[in-house]
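**Q** Handing you a structure now.
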Amino acid sequence: MKKKLVVLTGAGISAESGIRTFRDGDGLWEGHDVMDVASPEGWYRNPELVLDFYNQRRRQLKEVKPNAGHRELAQLQIHYDVHIITQNVDDLHERAGSKKVLHLHGELLKVRSTKNPKYILEWEGDLNLGDMDSYKNQLRPHIVWFGESVPAFDEALTITESADYFAVIGTSLQVYPAAGLIAFVPPHVPVFYIDPKPIQIPDLRNPLETFPLRASEGVLQLKNRLIAEFQ
C-alpha cells in the first residue's frame, strides 16, 4: 500500500504559469474588484460583467501550461497515493497528470444551473446570457463565490484526516474554510509548507518543515525528500 500524501495548493502554484491572483496586489483581480466578479451580489448586479470576466479567464487558461511544480507533484504518484486539494479553479494539475484532484472553489471549465447546483456541465467556450439548462434556467460559472458554501469541503476533510503526509503549497492560509483543513491533519503527520512568504501557523500540533521558496523550487525539494524517505 502506498502512503497517502495530501497536498493543499493555492494560487502560488498557478501564478508561475502566468495565472494572476487578486491577493498578489490590492484586492483587484485582473483589474476588477473581486466582489464585482466573484460574489452572488456582483452576479445579480451585472451578470454580463461576470460572464465576460470568466470568459476571459477561460480563454487565458488555454494559453498557459502546467509548470514544474504541477509536474513534480504528478511524478510523486509513482511512489505515493497523492491527493490534491486545490483552491484553484484551473485544470493545470490535471493537465500535468495528477489523477486525484479535488477543487474546493469550483472549476473554470464547468458551468452550472442558477437554480440547481447539481446540474453541472463541461464548458470550454464562452458562456453568455441566454445559455440555459434543460429547464430554461440561466447557466453560471461553476465557481464558489464569496459568501457561498463550499460543497467539496466535507470530502476534503475526510481526505485530510487520512493523510500520512500533508503539504501546503502556494497559499497564504488566509482563505477559509480551506485554510482550516490543516487543523484536521492527524497530530503525528509531518506537514511541509512551501511558500516564498510563509506565515506562522499557530497551534499546529504537527512536525513542520518550511520551504521558503516558489512552488516549482519547493516541490522539487519536497519530491526529493519524500522519495529519499520512500527508499
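The values are calculated or read from the model by the stated rules, or taken from the named source; none is laboratory data. Computed from a predicted model, the values in this text were never measured in an experiment. Reconstructed Cβ throughout: ideal geometry from the backbone, glycine too, with neighbour counts over all protein chains shown. Just so you know, the surface numbers come from the protein's heavy atoms only, side chains and all, with ligands and any DNA or RNA stripped out. Shrake-Rupley method; radii C 1.70, N 1.55, O 1.52, S 1.80 Å.
**Q** State whether the stretch 71-125 is rounded, prolate or oblate according to the following rule on the C-alpha gyration tensor (a ≥ b ≥ c being the square roots of its eigenvalues): a/c under 1.5 gives rounded; otherwise a/b larger than b/c gives prolate, and the remaining case gives oblate.
**A** On the way: a/c = 3.17, a/b = 2.32, b/c = 1.37.
In terms of gyration-tensor shape, prolate.
**Q** Using modelled backbone amide H atoms (1.01 Å from N, in-plane), which distant-in-sequence or interchain residues come within less than 5 Å of L8's amide H?
**A** Under 5 Å from the amide H of L8 lie the amide H atoms of I85, A167, V168, I169, each far enough along the sequence or on another chain.
**Q** Counting only heavy atoms of protein chains, what accessible area per residue, in Å², does the stretch 131-231 have with a probe of 1.4 Å? It would help to have the intermediate numbers written out before the result.
**A** Values: 5220 Å² over 101 residues.
Heavy-atom SASA per residue in the stretch 131-231 reads 52 Å².
**Q** Using the Kirkwood radius over Cα pairs, work out the Stokes-Einstein diffusion coefficient for the stretch 47-177 at 25 °C and 0.890 mPa s, in µm²/s as a whole number. Display every interim value, and only then the final one.
**A** Working: Rh = 16.2 Å.
Translational diffusion coefficient: 152 µm²/s.
**Q** Let me ask something additional. So, with +1 on the Cβ of K and R and -1 on the Cβ of D and E, and no other charges, what is the size of the charge dipole of the stretch 47-113 about its Cα centre, to the nearest 20 debye? Don't skip to the end; give the middle numbers.
**A** On the way: 11 positive and 9 negative charges, 30 e Å.
It comes to approximately 140 debye.
**Q** Quick check for you: with a 1.4 Å probe and neighbouring chains kept, what is the accessible area per residue of the stretch 11-117, in Å²?
**A** Numbers: 4840 Å² over 107 residues.
I get 45 Å² per residue for this part.
**Q** For the stretch 125-231, just run the numbers: alpha carbon Rg, then divide by 2.2 N^0.38 Å, N being how many residues it has. Before the final figure, lay out the partial values.
**A** Working: Rg = 18.4 Å, N = 107, 2.2 N^0.38 = 13.0 Å.
That ratio works out to 1.41.
**Q** What are the radius of gyration and Dmax of the chain, computed over its Cα atoms and given in Å?
**A** 17.9, 57
**Q** Something else about it: Can you tell me, using C-alpha contacts under 8 Å and at least 6 residues apart, the relative contact order of the chain as a whole percent? Kindly include the intermediate steps, with their values, before the conclusion.
**A** Values: 428 pairs, mean separation 54.1, N = 231.
It comes to 23 percent, rounded to a whole number.
**Q** Counting only protein heavy atoms, what percent of the accessible surface of the chain is carbon or sulfur at a 1.4 Å probe?
**A** On the way: 5950 of 11550 Å².
The computed percentage sits at 52.
**Q** Moving on to the next point. Which value in deg cm²/dmol, rounded to the nearest 500, describes the helix-derived mean residue ellipticity at 222 nm for the chain, given -39,500 (n - 2.57) per DSSP H run of n ≥ 4 and division by the residue count? Write down the numbers at each step before the final one.
**A** Numbers: 8 runs with 68 residues, N = 231.
-8000 deg cm²/dmol, from helical runs alone.
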